[in-house]
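What follows is a short report on a single structure.
The values are calculated or read from the model by the stated rules, or taken from the named source; none is laboratory data. This structure is a prediction, so every number in the text was calculated from the model and none was measured. Every residue, glycine as well, gets a Cβ built from its backbone with ideal geometry; the counts of neighbours run over all protein chains shown.
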Amino acid sequence: MKKEFDEIYRLYVNDVYRFLISITGDEKIAEELTQETFYRALRGIDKFKGNCKMSVWLCQIAKNLYYSYSKKEKANYKQELNETLHTDTEIDERVITSQNNISLHKILHSIEEPYKEVFSLKVFAELSYRQISEIFGKSEAWARVTYYRAKEKIKSLYMESEGL
């Protein structure tokens, strides 16, 4: 079993890592979540029924881990921000920086699925349209059109937020 799982790890670790980079934008977080993904996959390998590709199953585990991580980080961020605002002498500078980060976060995350994920996979994970289509179980044409629409939505939201 260990030898078989080592082969699964070898074959899919780069795909999972690139997928996580695309949705986190942070190499360290992606590394941590990649390791946790394979740990969870090892523990739950008996639940894999083969209804989808192994890479799709692993990316779904990774996505769920990222969502859990994001919820925890959001709560931690709010607590840290409150503590910082009460103790830091550079309050104005921190609030401005926080507002910029929040605005950018809103633009990137206000796009509905599957546009957000397809865009992230194409731009950040540098996956091909073929690979994206395999993840979603759709055609390459679907992946191309979805990416184009995502790009247009991002442009539109950016222009709107900048008042252009």
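The sole residue among 113, 117, 126 that is modelled with pLDDT of 80 or more, at positive phi and not polar (S, T, N, Q) is 126.
Just give me the residues in segment 11-33 being under 8 Å from the mean Cα position of the chain (by Cα) and exposed (fewer than 14 other Cβ atoms within 10 Å of the Cβ), in sequence order.
The one that is under 8 Å from the mean Cα position of the chain (by Cα) and exposed (fewer than 14 other Cβ atoms within 10 Å of the Cβ): 25.
Any residue at all in segment 124-145 that's surrounded by 15 or more Cβ atoms within 10 Å (Cβ to Cβ), within 15 Å of residue 22 (Cα to Cα), of a type in the set (Val, Ile, Thr) and outside the structural domain of residue 52 (by TED's automatic domain parsing)? Spell out the reasoning first.
Pass one, segment 124-145, residues surrounded by 15 or more Cβ atoms within 10 Å (Cβ to Cβ): 124-125, 127, 129, 131-136, 138, 142-144.
Next cut, within 15 Å of residue 22 (Cα to Cα) only: 124-125, 127, 129, 131-132, 135.
Those still in the list that are of a type in the set (Val, Ile, Thr) too: 132, 135.
Adding the requirement that they be outside the structural domain of residue 52 (by TED's automatic domain parsing) leaves 132, 135.
Yes.
Note on segment 1-10: residues that are surrounded by 12 or more Cβ atoms within 10 Å (Cβ to Cβ) and among the aliphatic types (A, V, I, L, M) total 1.
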